[in-house]
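Here's the structure, in structure tokens; my notes come after.
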Amino acid sequence: MILKSSVTQRGSSARGKATKCHSLYIAQLQRVVAFYYKQESDAQGWIKDAEKLKVVLAALQERKETARRLANVLARIEQCDIPTSTP
């Protein structure tokens, strides 16, 4: 019984650390999304060729969406307390 208790405590501690890591990743991903927004407005001032601008804005939009989706997945994992690894 004592062994089971210590394993449970270790698992709980690991989840706490994972949750903290998720929060840090989420914050960084939010910063990345904000950076991409700035890059979009900068690109509109720098790039005069309409076709090149269209390509750049599409790439930035895709990157923003990817970062936003990853942040959402991490937030859901954090809220549900889903184990991120096996003990």
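The values are calculated or read from the model by the stated rules, or taken from the named source; none is laboratory data. Note that the coordinates shown come from a computational prediction; the quantities given were computed from them, not determined experimentally. Counting neighbours? That spans all protein chains shown, and the Cβs are built from the backbone with ideal geometry, glycine included.
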Margin query: Quick check on segment 19-43: of everything there that is in contact (Cβ under 8 Å) with a residue 12 or more places away in the chain and more than 19 Å from N72 (Cβ to Cβ), which residue is surrounded by the most Cβ atoms within 10 Å (Cβ to Cβ)?
Written below: Q39
Margin query: Can you pull out every residue in segment 38-87 that is at pLDDT 95 or above, part of a loop (DSSP other than H, G, I, E, B) and hydrophobic (A, V, I, L, M, F, W, C)?
Written below: I47
